[in-house]
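The values are calculated or read from the model by the stated rules, or taken from the named source; none is laboratory data. Bear in mind that the values here come from a model prediction, so they are computed numbers and not experimental data. Here the Cβ positions follow ideal geometry from the backbone for every residue, glycine too, while neighbour counts run over all protein chains shown. Areas reflect the complete protein model, heavy atoms only, side chains present, ligands, DNA and RNA absent. Shrake-Rupley method; radii C 1.70, N 1.55, O 1.52, S 1.80 Å.
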Amino acid sequence: MAAADKQSALDYINQMFPTEASLSGVEPLMQKIHSEVRKVDAEILTAVRQQSNSGTKARENLASATHAVQELIFKIQEIKTKAEQSETMVQEICRDIKKLDFAKKHITTTITALHRLTMLVSAVEQLQVMASKRQYKEAAAQLEAVNQLCSHFDAFRDNPKITELKDRFKSIKRILKSHVFSDFSSLG
């Protein structure tokens, strides 16, 4: 103990017990001080327990937070994996859509070509009938239609059916030409 502390303790005792007769109050004062010490000890013990409980609670809270963070990381990884799977699936779907789109374009082109081919066959047959009946006015319009339809099949000139139709058309044109010349010569 420092000298100042000793002096203040002596001053306190002298103040409390200024006379010899006042020393009779030492026992009740000691009991009061012991009671105060027990009370302070109990308060200290309570504070230590609360601090200990706070530390335990803090550790529990930290463990709980750590567990929550681990769960969150796991869920983020799951979401990332699902997102990658979804992206792969979308790419596959887009690839399939492109294939289907190409197929649709080819089918549309094929249907258009078949429709034109049907029209060409029908037009050539009608032209042949007109030529045999010497219907020159109707045949003139039909010749133009057949010429336009034949132009759509220029890319298919190696196809035997198209070649056959074009040859038949040339033959009909020759027949029409010969009919026209023979009809004019019979007039004059």
Using the structure shown, decide if K104 is of a type in the set (K, R), open to solvent by 100 Å² or more (accessible area, probe 1.4 Å) and either within 30 Å of F156 (Cα to Cα) or in a loop (DSSP other than H, G, I, E, B) (or both).
yes
Name the residue that is surrounded by the most Cβ atoms within 10 Å (Cβ to Cβ), counting only residues in segment 154-170 that are under 14 Å from T118 (Cα atoms) and under 52 Å from the mean Cα position of the chain (by Cα).
I162
Could you tell me whether L72 is in contact with a Leu (Cβ under 8 Å, 6 or more places away or on another chain) and not charged (D, E, K, R)?
no
Going by the structure shown, is A141 assigned to a helix (DSSP H, G or I) and either in contact (Cβ under 8 Å) with a residue 60 or more places away in the chain or open to solvent by less than 60 Å² (accessible area, probe 1.4 Å) (or both)?
no
With the requirement that a residue be within 21 Å of K133 (Cβ to Cβ) and of a type in the set (G, A, S), what does segment 145-183 give you?
A145, S171, S178, S182
Somewhere in segment 27-45, is a residue exposed (fewer than 10 other Cβ atoms within 10 Å of the Cβ) and either part of a helix (DSSP H, G or I) or of a type outside the set (V, I, T) (or both)?
yes
Suppose we keep only residues that are at pLDDT below 90 and hydrophobic (A, V, I, L, M, F, W, C) within segment 128-138. Which one would you say is surrounded by the fewest Cβ atoms within 10 Å (Cβ to Cβ)?
M130
Cβ-Cβ under 6 Å pairs, at least 6 apart or on other chains, segment 112-132 side hydrophobic (A, V, I, L, M, F, W, C), far side open to solvent by 80 Å² or more (accessible area, probe 1.4 Å) and not in a helix (DSSP H, G or I)
none
So which residues in segment 47-66 are at pLDDT below 85 and open to solvent by less than 70 Å² (accessible area, probe 1.4 Å)?
A47, S52, S54, G55, T56, A58
Residue check, S151 against (1) surrounded by 14 or more Cβ atoms within 10 Å (Cβ to Cβ); (2) at pLDDT below 90, all met but one. Which one?
(1)
